[in-house]
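This report refers to the structure that appears directly beneath it.
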Ligand SMILES: Cc1cc2nc3c(=O)[nH]c(=O)nc-3n(C[C@H](O)[C@H](O)[C@H](O)COP(=O)(O)OP(=O)(O)OC[C@H]3O[C@@H](n4cnc5c(N)ncnc54)[C@H](O)[C@@H]3O)c2cc1C
């Protein structure tokens, strides 16, 4: 009944890509299609499923999961490579190493990247926590500072640029990290700066006082209403003319969808995302689905998806299910998510948990931190015991309920 030569390519192995691949394998199983009839191939630049949302944490040792542990048991092939081009007309994907892969159906799940504007010195001297490797680079750099000759004030100062969610989480974690590196010899300084008049502008009025108090309690200084003029080895120059001596600048100012989205030839939104319908099909590109940060999907009648792990995982599961249903001529499932929450880590000061698109605080301090811990260490992980049945079950296109408060 089914062709034995069909190939589904999934590009990316993050929250959307992993779950799309497992979701596709699960749907094949459910339809009774032989795994020999349809090949599912994940192409990703690293042979890992990285738990990207934890890159701000001091210890990221549990944030890198070998793809072999989660894809091999499900019968999903994986290839390490950087995708450089996608030809949707010829249905071919090309890699930097010269390899090319044809596809019958494609799921684009190559995520997003921190926006690094053309600020002098930023590419040379700036750090970020956008990827596992970048986060490791930052941690390795910080560890060299303790015994550093030169200006001890600059060595003990970290400037975090961008007081959005990632910047706040990163800044809250750093004072303890710096204290561990410098011991009692030097008082570390962490400065969070933003061009907006407030920190956490996109977290809304309800959460702002909680965030401001947490930053103060953690000893994080804030400077708002300024831009960055330049970064160099010795520090950072602000648009106000102020120079902050700092051996470390961490750039957390905004995310944009992977530039590969441009190759689908459709109009993208302001974040560089391609439009998808309720079934995660890229509108106007037959045979191509998209999920996660590369896609703008409708979550309810009023709201589009947010670049988040919260939305990427269900988008991945539904895209995986639908790509197989589409291939096999079966009905597709539409995705709508009736709830939206944000749980922001505030380091030693706990966390803040908001509900709704207007982000009303429903828990803070240790109660919210307990929820964040469950999210970061359990809820967003795939089964890790190489159990095929458990992996496929976890990839079912069913919506999780919102995280419990204070779990
Ligand atoms: C520090 C930090 C904290 C965050 N905190 C939260 C949070 O608390 N809650 C939340 O919901 N979201 C959070 N996010 C956002 C969340 O991590 C992203 O929205 C999510 O990872 C998007 O999932 P994705 O699968 O679309 O992309 P990613 O998880 O980024 O995965 C992209 C995949 O594509 C691969 N790839 C990229 N380019 C290529 C290429 N050219 N060729 C081949 N493969 C490629 C990558 O290797 C990776 O496997 C945070 C992000 C960061 C950086």
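Of the residues making up the stretch 78-89, those that are in contact with a strand residue (DSSP E or B) (Cβ under 8 Å, 6 or more places away or on another chain) and over 14 Å from residue 13 (Cβ atoms) are 84, 85, 86, 87, 88. Counting only strands (runs of 3 or more DSSP E) wholly contained in the stretch 1-96, the ones carrying 2 or more residues that are crowded, with 21+ Cβ neighbours inside 10 Å occupy 6-11, 38-44, 48-50, 83-87. When residue 215 is tested against (1) farther than 26 Å from residue 59 by Cα; (2) outside any loop (DSSP other than H, G, I, E, B); (3) touching a helix residue (DSSP H, G or I) at 6+ places or on another chain (Cβ under 8 Å), exactly one condition is not met: (1). When you scan the stretch 385-407, how many residues do you find that are more than 20 Å from the chain's Cα centre (by Cα) and either within 21 Å of residue 49 (Cβ to Cβ) or touching a residue at least 40 places away in the same chain (Cβ under 8 Å) (or both)? Residues in the stretch 385-407 being more than 20 Å from the chain's Cα centre (by Cα) and either within 21 Å of residue 49 (Cβ to Cβ) or touching a residue at least 40 places away in the same chain (Cβ under 8 Å) (or both): 15 in total. Residues that are over 23 Å from the mean Cα position of the chain (by Cα), in a helix (DSSP H, G or I) and without any contact (Cβ under 8 Å) to a residue 60 or more places away in the chain within the stretch 323-381 comprise 365, 366, 367, listed in sequence order. Among the residues of the stretch 297-324, write down those that are within 14 Å of the ligand (Cβ to nearest atom) and within 16 Å of residue 286 (Cα to Cα). Listed by number, the residues that qualify are 319, 320. Does residue 327 fit the bill of being under 23 Å from residue 266 (Cα atoms) and away from the ligand (no atom under 13 Å from the Cβ)? The answer is yes for residue 327. Set side by side, the residues 276, 228 differ, and just one is under 30 Å from residue 142 (Cα atoms) and either more than 16 Å from the ligand (Cβ to nearest atom) or not assigned by the TED database to the domain that holds residue 171 (or both), which is 228. Of everything in the stretch 34-53 that is more than 16 Å from residue 72 (Cα to Cα) and in contact with a strand residue (DSSP E or B) (Cβ under 9 Å, 6 or more places away or on another chain), the residue that is nearest to the ligand (Cβ to nearest atom) is 45.
The values are calculated or read from the model by the stated rules, or taken from the named source; none is laboratory data. Worth saying up front: this structure is predicted, and the values here are computed from it rather than measured. Every residue, glycine as well, gets a Cβ built from its backbone with ideal geometry; the counts of neighbours run over all protein chains shown.
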